[in-house]
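K.L.:
Take a look at this one; I'll ask things after.
The values are calculated or read from the model by the stated rules, or taken from the named source; none is laboratory data. None of the values given here were measured: they were computed from a predicted structure. When we count neighbours, we look across all protein chains shown, and the Cβ atoms used for this are built from the backbone with ideal geometry, even at glycine.
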Amino acid sequence: MVEAARGNQPLVMTFIRDEYNDEFVKNINSVFTNAILSVDMAVMFHDEFGATGVEDCMVNAITQDNYDLFVLCHDAWGVECNDRIVKGVVRSHCQELLNMAYVDKLHEWGVSTDRIVESAHTYGDEAIINRTKEWA
């Protein structure tokens, strides 16, 4: 399942679901929240196959630097920008795994500047602190 998801193979996923339904249902959320997914595959998992765990999917999108999936999780599925999400973005940016677009998106979605700055101080990310000054 993971390989079919990673390889963006929707027909294979449908076949697995139809032929191995019990195993498929047992593993769908694990694949949805942990595999490297394209936006199309994530939508298929969520909308067609009933996968839940959209917050975990968003965290995975952050760790995989999948900006489009990150945005989809918030805009389409309503994932809240809680501390786990904010800290995940800031920590990943600090580790130079993400660009500033993720931080800007948090701001656009209404995450308070204070929360972002607090996380940036925790991880020692001066670039984010400087960016928040531009928003004032």
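K.L.:
Pairs needed: first member in the range 63-89, in contact (Cβ under 8 Å) with a residue 12 or more places away in the chain; second member anywhere, of a type in the set (S, T, N, Q) and loosely packed, with under 14 Cβ neighbours inside 10 Å; C-beta distance under 9 Å; at least 6 residues apart or different chains.
P.N.:
D65/N99; Y67/N99; K87/T122
K.L.:
Here is a further query. If you check every pair at least six apart or on different chains, which have Cβ atoms under 6 Å apart with a residue in the range 25-52 that is under 17 Å from F15 (Cα atoms) first and a residue that is in a helix (DSSP H, G or I) and of a type in the set (V, I, T) second?
P.N.:
V31/V2; F49/I28; A51/I28
K.L.:
Select from the range 102-126 the residues that are loosely packed, with under 13 Cβ neighbours inside 10 Å and touching a residue at least 24 places away in the same chain (Cβ under 8 Å) and write down the one among them that is nearest to the chain's Cα centre (by Cα).
P.N.:
G110
K.L.:
Right, next: What number of residues within the range 35-75 satisfy the criterion of being assigned to a helix (DSSP H, G or I), under 8 Å from the mean Cα position of the chain (by Cα) and not aliphatic (A, V, I, L, M)?
P.N.:
Going through the range 35-75 one residue at a time, the tally reaches 8.
K.L.:
Within the range 1-33, restricting attention to residues that are at pLDDT 85 or above and buried (at least 17 other Cβ atoms within 10 Å of the Cβ), which residue is farthest from F49 (Cα to Cα)?
P.N.:
T33
K.L.:
Could you list, in sequence order, the residues of the range 34-79 that are polar (S, T, N, Q) and either modelled with pLDDT of 95 or more or crowded, with 19+ Cβ neighbours inside 10 Å (or both)?
P.N.:
We begin by selecting, within the range 34-79, every residue polar (S, T, N, Q); these are 34, 38, 52, 60, 63-64, 66.
Hits for the range 34-79 are N60, N66.
K.L.:
List the number of the failed condition for N21; all other conditions in (1) touching a helix residue (DSSP H, G or I) at 6+ places or on another chain (Cβ under 8 Å); (2) farther than 27 Å from L106 by Cα; (3) of a type in the set (S, T, N, Q) hold.
P.N.:
Every listed condition holds for N21 apart from (1).
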